[in-house]
Amino acid sequence: MVRITMIRIDTDEDLTNTPARSFLITVDTEGDNLWSQPTQITTRNANYLQRFQTLCEIHGVRPTYLVNYEMAICPVFREFGRDVLERKVAEIGMHLHAWNSPPLVPLTANDSRFHPYLIEYPYELMVAKITQMTDLLEDTFGEKMVSHRAGRWAFNEEYARILAEKGYKVDSSVTPFHSWKKYPGDPSRQSGTDYYHFPDDAYLLDLEDISRPGSSALLEVPVTIIPVPGIKKLRRWNFLSPIFRAFDKLVPPRWLRARPNNLNVLLYVIQKANRENRHYIQYSLHSSELMPGGSPKFREQSHIDNLYHDMEILFTMVKDRYEGVTLREYHDKFLRYQRTG
């Protein structure tokens, strides 16, 4: 079957003489189909990463693999990770799923089912889990961990302060214009983080209020999400938020992320980012989405082939106007930009 892709290109967009901005790829590197809440987590998707890495290298883009516990102890991924680090073509960062990351202390009647958020655990356990996960990755790959994404996107001020104390430089947990409040963890608690009013561009965190810029050393790099037109200006009026959030359900924000047959969405996001002169765009995906059956949305080999078709076009489109960088590299670039104005 031949796929026909309708691509709308705005004729008023000048693609010439455009300075290189940053293109980031972040990969939540985790076990197979965690959406199905397995009691035994497998890591077969580690065998499928080389095809993706090869595509990235062909196009000069540099992924950041944000690695959780089961992948950090997976022999196949360990070999893969050491290779990309040795060749300096990717970065390894930390990703933490609290329910199966040591030390294991049950929080609910069935943590494998409920997937409690790290921010729901007592402070001492948060510190212990972050410390053990960081030590595991650093001992395994021989590099200081500086990049991070929270499991299930759940982040707060306490979490940010622990990361800063551990020497992390950059986080990418914020999903602007999106709330995770309807996604429970521990059934007795208040669910995930609401990022609706958070900035949608990179900023140094205020460790007392992570929804606003501050002066800490921890850089937040939100994932790239383009909201419904007009929402960005009006969301400051809190009394209107319920109205606009309801509208978002009908016309949801566009994410720069892996989804079946969403090339038109990806290209729309790139065009909007170009018009807004954003310093970076960030494409996000899960390692398990690169394997047939590794996620609910990519069940068949044809789904994977279509995903690679879309990524090939996406990477080609951004090659001439964006510089491929890892999260660590973007952090350093951001600080240089701040110093030079």
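Would you indicate which of (1) 19.4, 58; (2) 20.9, 67; (3) 20.6, 81 is the value of Rg and Dmax of the Cα atoms in Å derived from the coordinates of this structure?
The value matching this structure is (1).
Where in the stretch 179-209 does the label zone of HIS279 land, with the point 7 angstrom along Cα→C-beta and an amide N cut-off under 11 Å?
201-204
So how far apart, in nm, are the two label points at LYS297 and THR340 if each is 7 Å from Cα heading toward Cβ?
Placing both labels 7 Å beyond Cα along the Cβ direction yields 3.6 nm.
Give me the distance in nm between label points sitting 7 Å out from Cα along the Cα-to-Cβ direction at VAL76 and LYS182, one decimal.
Rounded to a tenth, the inter-label distance reads 3.5 nm.
Would you mind checking the pairs LYS166/LYS297; LYS88/LYS319; LYS129/LYS181 and listing those with alpha carbons more than 25 angstrom apart?
In this structure, LYS166/LYS297 exceed 25 Å between Cα atoms.
Could you work out the relative contact order of the stretch 30-340? I mean the mean sequence separation of Cα pairs under 8 Å and 6+ apart, divided by the number of residues, in percent.
For the stretch 30-340, the relative contact order is 17 percent.
In whole angstrom, how far apart do the alpha carbon centroids of the stretch 39-68 and the stretch 281-323 sit?
About 11 Å separates the Cα centre of the stretch 39-68 from the one of the stretch 281-323.
Among THR29, THR131, THR39, THR316, which comes first, then next, by fewest other beta-carbon atoms within 10 Å?
THR39, THR316, THR131, THR29
Which aspartates and glutamates have a Cα less than 15 Å from the Cα of LYS272, not counting those fewer than 8 places away in the same chain?
ASP10, ASP12, GLU13, ASP14, ASP200, ASP201
Please report how far the C-alpha centroid of the stretch 144-208 lies from that of the stretch 69-143, rounded to the nearest whole angstrom.
16 Å
Put a dot 7 Å past each Cα toward the Cβ at GLU143 and LEU55; how far apart are the dots in nm?
Taking the two extended label points, one gets 2.2 nm.
Can you give the helix-only mean residue ellipticity at 222 nm for the chain, where every DSSP H stretch with n ≥ 4 adds -39500 (n - 2.57) and the sum goes over all residues, rounded to the nearest 500 deg cm²/dmol?
Here the helix-only value at 222 nm equals -10500 deg cm²/dmol.
We did not get these values from a lab; they are worked out from the coordinates using the rules stated. Because the structure is a prediction, the values reported are computed rather than measured. Backbone-built Cβ (ideal geometry, glycine too); neighbour counts: all protein chains shown.
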